[in-house]
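Single-structure report; data block below.
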Amino acid sequence: MHARRPLAAAASAALLLTAVAAGTAAADPAPDSPAPAASPGQYRVAGPDSAPERTEVAATGAAIDEVGDDSVVVTALPRQADAVADLGYEVTPLPGPEQEGPGTLDFPPSDSGYHDYDELTDVVDKVVADNPDLAAKVGVGSSYEGRDLMAVKITSDVGTDHDRPEVLFTHSQHAREHLTVEMAVYLLRMLTEDYGTDPRVTEMVDTREIWILPNVNPDGSEHDIAGGSYKSWRKNRQPAPGGWAVGTDLNRNWDYNWGCCGGSSGSPWSQTYRGTAPESAPEVRQVADFVRSRVVGGEQQITAAIDFHTYGELILWPYGYTYDETGPGMSRDEYDTHAELGRLMAGSNGYTPQQSSDLYVTDGTINDWLWGEQRIFNYTFEMYPSGSGGGGFYPGDEIIDRETDRNREAVLDLLGYADCPYRVIDKEDQYC
Ligand code: BZS
Ligand code: CA
Ligand code: ZN
């Protein structure tokens, strides 16, 4: 996503892609035509220097991975890259992730610090077994391929539904963003191991009910690492109608202004395919059901949330479907509260805080749904690195400890304001 950095020198074999496809809407074949021979790769696109121009690039079906002053990096199929070139931009392929393969189902040995799904399950089970008063595993449903969508509730006296502000952390909507699973592991351990010794952690565990969903797209994560080579997979693993194309972009499938505004694609071949209907992805449907289940006595108990992604080192807030800051459902005070709390958190982790549409328009994201439908103050964190130079979606495992701990203060700040987010703009008396 974001990178104010010089062009990577990666493109020694730079070639200007020739445009063969017709207009942007024609970049993808019909859903029932056979699978494309080529797999997606990353490309640098020189030229786009505004959110509307980036939105136009995304409309080809490419996913924008990085935003620079006058360039972007996208993940695209070759014909989608051709469609981007058709817009008049210079398109240069970037080298793919280093491969180690073949043959394993786990991360390659040099990245063994990352947790695959079985290892994540072991961590969750151990945290819960070691801390029966603090942590409980809650079923949220199962993925398309039948993997358990785990949630962990953390609070003191965890067996009781207390009247405490609830806070939601979701991880790994996008398969290849493996560092976000490590962020969940970090939070699980921080909130249990540091309880009783770190006063801020202790206070938050005693006064908030915290929900951690450590991997909402386990099928995608497992697919991305299967066979010992990274696949740059983003979506889930649900076949689209027609039977050839696989995968819905979970972060375009939420039921608020779904598909409204050119911020997602109706083509199953696209990296940002929005699915056949809002919540058509079982993962989105069940996580949304879980969030709706937290409406108790007519009141949504969850007040604040972070959805973790990589990469770009950004803190993003809603709305994504419009460039406007305010409008129906987003008052000036509500916007300012999002922005101020976003900037406060950025003060500790050094990320760049902004409204998500400052990058490009998106629709059907969890951010817009959590605010638009559920009135939950919420953020997307785009974690390390800032650009593809830092390893893009696949930084080595030696950065895990540093880059998860980097968000400690920000997470504690969000938890701290969860009783009354408006306090951050000094309007506690008016709203809380
Ligand atoms: C990502 C990028 C992410 C997306 C950016 C984004 C999130 C934009 C939320 C707007 C709202 O994949 O990490 O395209 O989903
Ligand atoms: Ca409660
Ligand atoms: Zn993402």
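Residues whose amide H lies under 5 Å from that of TYR230, counting only those 5 or more places away or on a different chain, are GLU100; hydrogens are built 1.01 Å from N in the peptide plane. To the nearest ten degrees, helix 179-193 and the longest principal axis of the Cα atoms of the chain are 10 degrees apart. For the Cα trace of the range 228-329, dividing Rg by the Kirkwood Rh returns an Rg/Rh value of 0.99. Of the beta bridges DSSP finds with both residues in the chain, what % are antiparallel, to the nearest 5? Among the beta bridges of the chain, antiparallel pairing accounts for roughly 55 percent. Lysine pair count for the chain with Cα-Cα distance under 27 Å and sequence separation of 8 or more or different chains is 5. Compactness of the chain is given as radius of gyration and Dmax, 20.7, 63 Å, from Cα positions. Computed on the range 301-417, the Cα convex hull volume stands at 102 Å³ per residue. Which angle between 0 and 90 degrees, to the nearest 10, do you get for helix 408-417 versus the longest principal axis of the chain when only C-alpha atoms count? Roughly 60 degrees between the two axes.
The angle between the Cα long axis of helix 117-130 and the longest principal axis of the Cα atoms of the chain comes to about 10 degrees, rounded to the nearest 10.
Taken together, the values in this text are just the output of simple stated rules run on the coordinates, not laboratory data. Model, not experiment: these values are computed from the prediction.
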